[in-house]
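The values are calculated or read from the model by the stated rules, or taken from the named source; none is laboratory data. All values derive from a computational prediction rather than experimental measurement. Every residue, glycine among them, receives a Cβ derived from its backbone with ideal geometry; neighbour counts consider all protein chains shown. Keep in mind that these areas ignore ligands, DNA and RNA; they rest on the heavy atoms of the full protein, side chains included. Shrake-Rupley method; radii C 1.70, N 1.55, O 1.52, S 1.80 Å.
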Amino acid sequence: MAERRRHRILMVSDFFYPNFGGVENHIYYLSQCLLKLGHKVVVMTHAYGNRSGVRYMTGGLKVYYVPWKPFLMQNTLPTFYGTLPIIRNILIRENISLVHGHQAFSTLCHEALMHARTMGYKVVFTDHSLYGFADVGSIHMNKVLQFTLADVSQAICVSHTSKENTVLRSGLPPAKVFVIPNAVDTAMFKPAPERPSVNEIVIVVISRLVYRKGADLLVEVIPEVCRIFPNVRFIVGGDGPKRVRLEEMREKHSLQDRVEMLGAVPHARVRSVLISGHIFLNSSLTEAFCIAILEAASCGLLTVSTRVLPDDMVVLAEPDPSDMVQAIKKAISILPEINAQAMHNRMKKLYNWHDVAKRTEIVYDRALKCANQSLLERLSRYLSCGAWAGKLFCVVMIIDFLFWRLLQLWQPAEDIEAVPDIVLSHGEDERNVAELKVSSEDHGLR
């Protein structure tokens, strides 16, 4: 059997800890599992407040918080070429072999993939969201995505729906796009030792309160469900511009004692909120793959949502108030049949981060087998992006290539010091911690 190839991966996105969200969790857990598989993983993101420079996380995960401040919605200001010197420095210092960018919203991701391809690195892109085709914002984003993916080695989507959406938006050949779902840390999201009483049924909603997440649907669904079922109570966690509408709905229908508004919920508290309920309600209008649904199912909650889980774990509903009310009715009727621990055990097998890492490893292997191409061969791909856009993209890439050559003359790669690899196995890590405890105890005795 052939020996597994060790990759040296740079994960790039504007979205990472200490910010919390689906993309942040995905990058963190995937990186941890890749480290356990023996690969080197480095993360690059922008500075968060006073968190700037190099930091280390669990398992020896190295994070570069580059000194760029967020401009809008945790995204850095697009600079095209401003990030090239620091990205080149990191790639050479860490001896990176492959760059993996996350999320189409992230400007840092787009710029890193562009510069990495200019320097001849293989790149992989993961799309975590769905986008439309008609509004101005979606048209602009789709054209940016087409530019980035025109020269990408391989792409990953988190669901088959997301793959169809990405292929249509970017024009990427479907053979280059792999589907690898999200997963959940089932050790962190366990059912409650004792299930809450069904005398009072609690429906939990944890989501950003924005239009895309279906907050307007909740405004119509909650009063109707409370009218039909007097023993139902709602817990709503999350914040956003639509929170005002939910507060107004609660006042209008006098539901202050039946609708609890928690505001923003820290990730460490999500499980404690979930295990206090029986049903998890996801009202998103568009969702590539909702990690919150997996977390809820892992805690043993029956879910009312779109099709992500097996049919016996989820009650499907159209994004329509009356249909969602009917789905909640059905969910309440089958609650006595739900075995929370059995659901948790199934989630362990269905959605596992170690499985995600192994499948991602296969994508990396394929990306590194892609043939190297000259600048002229790459420019032909950009020309196919549109009559005017194609020519503009070619100009952008030519300038990037010239800037890179200038940097090579100004600071040759040989002058950039490579950093040594620090790889600790799980056993060595525990041993070092134990030695540290013993030495501190000895110091205290003296």
Only Lys, Arg, Asp and Glu count, each charged at its Cβ (+1, +1, -1, -1), so figure out the dipole size of the chain about its Cα centre, rounded to 20 debye.
660
Ranking by accessible area, most exposed first, for 62, 358 with a 1.4 Å probe
358, 62
What's the longest bit of the chain with no exposed chymotrypsin sites (Phe, Trp or Tyr not before Pro), using DSSP loop states and at most 13 other Cβ atoms within 10 Å as the test?
134-387
Heavy atoms only, probe 1.4 Å: what % of the accessible area of segment 201-350 goes to carbon and sulfur, would you let me know?
51
With every protein chain kept in the model, how would you rank 24, 377 by accessible area, 1.4 Å probe, largest at the top?
377, 24
Can you pull the accessible area of residue 337 for me, 1.4 Å probe, Å² to the nearest 10?
140
Using only Cα atoms, tell me the angle between helix 136-149 and the longest principal axis of the chain; keep it within 0 to 90° and round to the nearest 10.
40
Cα-based equivalent ellipsoid of segment 143-199: semi-axis lengths in Å, sorted from largest, via gyration tensor
39, 12, 9
Going through 190/252; 122/190; 176/330; 163/348 one by one, the pairs whose alpha carbons sit over 29 Å apart turn out to be 190/252; 122/190; 176/330
Contact order relative to length for segment 229-363, counting C-alpha pairs under 8 Å separated by 6 or more residues, stands in percent at 18
Karplus 3J(HN,Hα) series, Hz, for segment 373-383 with 6.51 cos²θ - 1.76 cosθ + 1.60 (x for Gly, Pro):
10, 6, 4, 5, 5, 5, 4, 4, 5, 5, 4
Normalised by the residues of the chain, what does the relative contact order come to in percent, with Cα pairs under 8 Å and at least six apart?
15
May I ask you to rank 369, 242, 213 by accessible area, largest first, using a 1.4 Å probe over the protein chains only?
369, 242, 213
From Cα coordinates alone, what are the radius of gyration and Dmax values for segment 167-271 in angstrom?
18.1, 54
How much net charge surrounds residue 165 when only the other residues with a Cβ under 13 Å from the Cβ of residue 165 are counted, with Lys and Arg +1 and Asp and Glu -1?
-1
List the pairs from 36/369; 62/213; 143/349 whose alpha-carbon separation is above 29 Å, in the order I gave them.
62/213; 143/349
Would you mind giving the average projected area, over all directions, of the Cα convex hull of the chain in nm² with one decimal?
26.5
From the phi angles alone, apply the Karplus equation (6.51, -1.76, 1.60; θ = phi - 60°) to segment 79-92 and give each ³J(HN,Hα) in whole Hz, x where the residue is Gly or Pro.
10, 6, 10, x, 8, 4, x, 6, 5, 4, 4, 5, 4, 6
Place +1 on the Cβ of every Lys and Arg and -1 on the Cβ of every Asp and Glu in the chain, take the dipole about the Cα centre, and give the residue among 324, 60, 95 whose Cα lies farthest towards its positive end.
95
Gap separating the Cα centres of segment 340-413 and segment 77-100, nearest whole Å
13
Taking the Cα centre of segment 201-350 as the origin, how large is its charge dipole in debye, to the nearest 20, when only Lys and Arg (+1) and Asp and Glu (-1) carry charge on their Cβ atoms?
400
Charges at C-beta only: +1 for Lys and Arg, -1 for Asp and Glu. How large is the resulting dipole of segment 339-400 about its Cα centre, in Debye rounded to 20?
320
Computed on Cα atoms only, the convex hull of segment 201-350 has an orientation-averaged projected area in nm² of 8.1
With the other protein chains left in place, how much accessible area per residue, in square angstrom, belongs to the chain at a 1.4 angstrom probe?
48
